[in-house]
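Trainee: One structure coming up, written as structure tokens, with questions to follow.
The values are calculated or read from the model by the stated rules, or taken from the named source; none is laboratory data. Just so you know, these numbers come straight off a predicted model, no measurement behind them. Don't worry about glycine lacking a Cβ; one is built from the backbone with ideal geometry, like all the others, and counts go over all protein chains shown. Surface areas here come from the heavy atoms of the whole protein model, side chains and all, with no ligands, DNA or RNA. Shrake-Rupley method; radii C 1.70, N 1.55, O 1.52, S 1.80 Å.
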Amino acid sequence: MSTARGGAARTLRVPGRHGYAAEFSPYLPGRLACAASQHYGIAGCGTLLIVDQVESGLRLFRSFDWNDGLFDVTWSENNEHVLVTGSGDGSLQLWDTAKAAGPLQVYKEHTQEVYSVDWSQTRGEQLVVSGSWDQTVKLWDPTVGKSLCTFRGHENVIYSTIWSPHIPGCFASASGDQTLRIWDVKATGVRIVIPAHQAEILSCDWCKYNENLLVTGAVDCSLRGWDLRNVRQPVFELLGHTYAIRRVKFSPFHASVLASCSYDFTVRFWNFSKPDPLLETVEHHTEFTCGLDLSLQSPTQVADCSWDEMIKIYDPACLTVPA
């Protein structure tokens with residue numbers, strides 16, 4: 001079992017909390033949010049952990065408890081202290097890291113688990129999308145107490161909802177119904193339906209360098225790239241994981257590099273433009289690896305979290321040398 005060769009991982013163990021999502025702050029270098037749950041998210045409460053990198057490793061800056069599991073977290077794009085989490089009780093929570101208590105606001109409209117939350121990167125508007133096991137996506141303005149609209153069409157649970165970093169008001173969703181869907185908030189209906197896998201799709205992400213390119217990760221252990229101009233066939237397929245892919249993220253720094261984490265306990269790094277696309281496999285967890293993010297500030301830094309109660313920030317070798 002190797003840790004990342006680019007330098008030892010900085011780790012924090014959070015006893016009794018199983019990690020579901022990790023997100024770097026878009027503002028503060030080295031600050032990380034982690035959504036975690038008791039009892040593997042099946043029962044018990046959840047905790048939002050705010051972690052800072054320090055010389056000696058990782059330090060817990062603040063933690064907030066919620067009375068049900070927390071499955072995803074997203075930072076505000078216009079306030080460095082504010083985050084939103086999604087919970088097993090169907091609610092979203094708005095938190096402020098500058099305040100010891102919380103949440104500031106709770107939005108409860110979904111009727112089942114909220115598995116995905118994402119804050120729009122479009123400056124000038126505050127929009128959050130949430131994807132739920134109730135088969136709906138909801139659009140929120142955190143300054144408004146209720147959802148702005150609800151998107152229906154998926155025929156199974158929704159695992160992932162991600163805003164386009166390029167097209168204002170456009171987001172993607174991935175579902176247990178085996179489809180990737182592209183939506184426009186102005187149209188309130190689905191724009192494109194892509195039967196992307198013959199298996200449940202647990203994650204999707206947009207390429208930061210190509211507004212037409214997305215990637216999906218599924219229970220069939222494969223990653224597939226999709227060009228929205230022609231969705232009949234994937235533009236790439238990446239194979240190597242041996243269990244369901246839980247989360248996939250494109251690099252903010254390299255146009256053809258992405259990372260994926262899996263229930264096979266590994267994090268894998270890929271360059272889909274290369275004939276041999278697998279760059280590196282990091283094996284430093286002993287349980288399902290659910291949370292994954294690539295730093296917006298450092299081209300080499302990666303964070304992940306796992307059901308093994310560990311949060312890690314590290315620099316994989318494949319990112320410390322030119323990709």
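Trainee: Sort all Cα-Cα distances of the chain into consecutive 10 angstrom bins from zero, then give the percent of pairs in each bin up to the one containing the longest distance.
Mentor: 6, 29, 39, 22, 3, 0
Trainee: Under 15 Å from the 7 Å Cα→Cβ point of LEU148, by amide nitrogen: which residues of region 84-123?
Mentor: 118-123
Trainee: Probe radius 1.4 Å, ligands and nucleic acids ignored: give me the carbon and sulfur share of the accessible area of region 94-200 as a rounded percent.
Mentor: Details: 2040 of 4390 Å².
That fraction is 46 percent.
Trainee: Given a Förster distance of 56 angstrom, what is the FRET efficiency for THR286 paired with ARG123, based on the Cβ-Cβ distance and rounded to 0.05?
Mentor: With a Förster radius of 56 Å, E is 0.85.
Trainee: Highest first, please rank the peptides 114-126, 91-103 by the mean number of other Cβ atoms sitting within 10 Å of their residues.
Mentor: Ranking, from highest mean packing down: 114-126, 91-103.
Trainee: How much of the accessible area of region 256-323, probe 1.4 Å, is carbon plus sulfur, in whole percent?
Mentor: Values: 1190 of 2110 Å².
Accessible surface attributable to carbon and sulfur in region 256-323 totals 56 percent.
Trainee: Sum -39500 (n - 2.57) across every DSSP H segment of at least 4 residues in the chain, then divide by the residue count to get the 222 nm mean residue ellipticity, nearest 500. Let's see the in-between values first.
Mentor: On the way: 1 runs with 4 residues, N = 323.
After summing the helix terms and dividing by the residues of the chain, the value is 0 deg cm²/dmol.
Trainee: Send over a whole-number figure in Å² for the accessible area per residue of region 27-83, probe 1.4 Å.
Mentor: Here the residues of region 27-83 average 41 Å² of exposed surface.
Trainee: Can I ask one more? Going by Cα centres, region 194-244 and region 300-323 are how many Å apart?
Mentor: 22 Å
Trainee: Moving on to the next point. Among the lysines, which have Cα under 19 Å from the Cα of LYS312 when same-chain residues fewer than 8 positions away are ignored?
Mentor: In chain and number order, the partners are LYS249.
Trainee: Pull up the cross-link candidates among the aspartates and glutamates for LYS99, meaning alpha carbon to alpha carbon under 14 Å and not fewer than 8 places away within one chain.
Mentor: Answer for LYS99, where 14 Å is the Cα cut-off: ASP65, GLU80, listed by chain and number.
Trainee: Can you tell me the accessible area per residue over region 215-323, all protein chains present, probe 1.4 angstrom, in square angstrom?
Mentor: Working: 3880 Å² over 109 residues.
Per-residue value: 36 Å².
Trainee: Quick one: grab the alpha carbon gyration tensor of region 66-147, order the square roots of its eigenvalues as a ≥ b ≥ c, and give me rounded if a/c is under 1.5, else prolate or oblate depending on whether a/b is larger than b/c.
Mentor: Taking the square roots of the gyration eigenvalues as a ≥ b ≥ c, region 66-147 is oblate.
Trainee: Related question: For region 45-83 and region 102-149, what is the separation of their Cα centres, given in Å?
Mentor: Between the Cα centres of region 45-83 and region 102-149 lies a distance of 18 Å.
Trainee: Then there's this: Given axes a ≥ b ≥ c from the Cα gyration tensor, I'd like to know whether region 197-284 is rounded (a/c under 1.5), prolate (a/b larger than b/c) or oblate.
Mentor: Here region 197-284 falls in the oblate category.
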